[in-house]
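Colleague: Below you will find the structure I want to go over with you.
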Amino acid sequence: MFARISKNFPNAAAAALILALAAPVQAASADSPAFRRAMDAYKAGNYSRAVRLIRPLAEQGYAVAQYNLGVAYGNGLGVTQNDQQAAAWYRKAAEQGYADAQYNLGGLYDSGKGVPQNDRQAAAWWRKAAEQGFAPAQSNLGTAYENGQGVAQDDKQAAAWYRKAAEQGYADAQYNLGVMYYNGRGVPQNRTQAAAWWRKVLAQPDTAENARAQAEARAALKLLAP
């Protein structure tokens with residue numbers, strides 16, 4: 001039996017901020033001069049200036065700015081690190097349907113950072129992001145179903161959510177779906193399908209994000225070899 005990769009925890013990488021700054025969401029804020037200047041400041045490593053420019057937009061209710069301010073507080077970029085503030089700003093964006101914020105807020109509930117630990121809340125916020133097609137949230141929701149964490153344990157649901165993320169090229173979900181096929185959990189046991197999904201993991205770019213899944217997939221395929 002191969003090890004499953006556990007949930008990914010968001011809000012750990014500072015790179016998330018620059019990706020969000022470039023996101024074409026809520027054009028009224030993303031296309032504003034202040035927002036573009038904030039992106040330039042972040043690229044230059046001037047996080048304090050980036051936060052100063054983002055905060056007024058966040059206070060005006062723009063979800064993409066609220067999310068970015070949450071990332072800044074979560075990672076201590078231009079502000080003192082503060083998980084409670086991160087959670088508060090993620091919540092504002094999440095309640096407007098911003099999937100990245102829903103995913104990160106779920107992660108805070110999962111870990112108990114900035115909010116009381118609550119598996120049901122974690123799964124609920126991941127579901128909201130997952131239903132918008134956000135692959136990391138789909139993968140985490142699959143793990144929640146596999147473990148019965150915040151939801152009733154259900155291998156079929158776990159496999160279904162892993163598949164949604166895996167089909168988008170999300171390496172952790174591809175590996176976990178392979179494990180489900182190998183063990184016959186939630187799907188008919190099929191070692192050929194397991195190997196096929198693990199090979200998809202190895203076809204992914206060699207990035208830090210994919211490294212864990214690739215190491216596990218490489219080891220699994222080696223054990224399957226005749």
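Laboratory data are not the source of any read-out in this text; all were calculated from the coordinates shown. All figures in this text were calculated on a predicted structure; none of them were measured in a lab. Cβ coordinates were reconstructed from backbone atoms using ideal geometry, including for glycine residues, and neighbour counts include every protein chain displayed.
Colleague: Can you compute the radius of gyration and Dmax for segment 123-226, using only the Cα atoms, both in Å?
Modeller: Answer for segment 123-226, Rg first and Dmax second: 13.1, 43 Å.
Colleague: Within 10 Å of each residue's Cβ, count the other Cβ atoms and sort 43, 92 from fewest upward.
Modeller: Listing 43, 92 from fewest to most nearby Cβ atoms yields 43, 92.
Colleague: Mind giving me the FRET efficiency for residue 211 and residue 119? R0 is 25 Å, r the Cβ-Cβ distance, nearest 0.05 is fine. Don't skip to the end; give the middle numbers.
Modeller: Numbers: r = 27 Å, r/R0 = 1.09.
Given R0 = 25 Å and the Cβ-Cβ separation, E is 0.40.
Colleague: Over the chain, what is the relative contact order in percent, taking alpha-carbon pairs closer than 8 angstrom and at least six residues apart?
Modeller: Here the relative contact order equals 13 percent.
Colleague: Then there's this: Beta carbons within 10 angstrom, averaged per residue: use that to sort the peptides 169-175, 95-101, highest first. Mind showing how you got there, number by number?
Modeller: Working: 169-175: 26.1, 95-101: 21.0.
Final packing ranking: 169-175, 95-101.
Colleague: For a 24 Å ceiling on Cα separation, which of these pairs sit above it: 113/156; 200/222; 128/164; 156/200; 164/200; 128/156? Please report the intermediate quantities before stating the final value.
Modeller: Numbers: 113/156 30 Å; 200/222 15 Å; 128/164 14 Å; 156/200 21 Å; 164/200 14 Å; 128/156 19 Å.
Those over the limit are 113/156.
Colleague: Right, here's the next one. At a Förster radius of 25 Å, what calculated FRET efficiency corresponds to the Cβ-Cβ distance of residue 223 and residue 168, to the nearest 0.05? Can you show the working numbers first?
Modeller: Details: r = 27 Å, r/R0 = 1.07.
With a Förster radius of 25 Å, E is 0.40.
Colleague: What is the angle, in °, between the Cα long axis of helix 135-147 and the longest principal axis of the Cα atoms in the chain? Nearest 10 is fine, range 0 to 90.
Modeller: 50
Colleague: If one takes the longest principal axis of the Cα atoms in the chain, at what angle in degrees, from 0 to 90 and to the nearest 10, does the Cα axis of helix 63-75 lie?
Modeller: Between helix and principal axis, roughly 80 degrees.
Colleague: I would also like to ask the following. Is it possible to state the helix-based mean residue ellipticity at 222 nm for the chain, with each DSSP H run of 4+ residues giving -39500 (n - 2.57), the sum divided by total residues, to the nearest 500 deg cm²/dmol? What is it?
Modeller: Details: 13 runs with 152 residues, N = 226.
Here the helix-only value at 222 nm equals -20500 deg cm²/dmol.
Colleague: Any chance you could check the Cα centroid distance between segment 176-204 and segment 130-162 for me, in angstrom?
Modeller: 16
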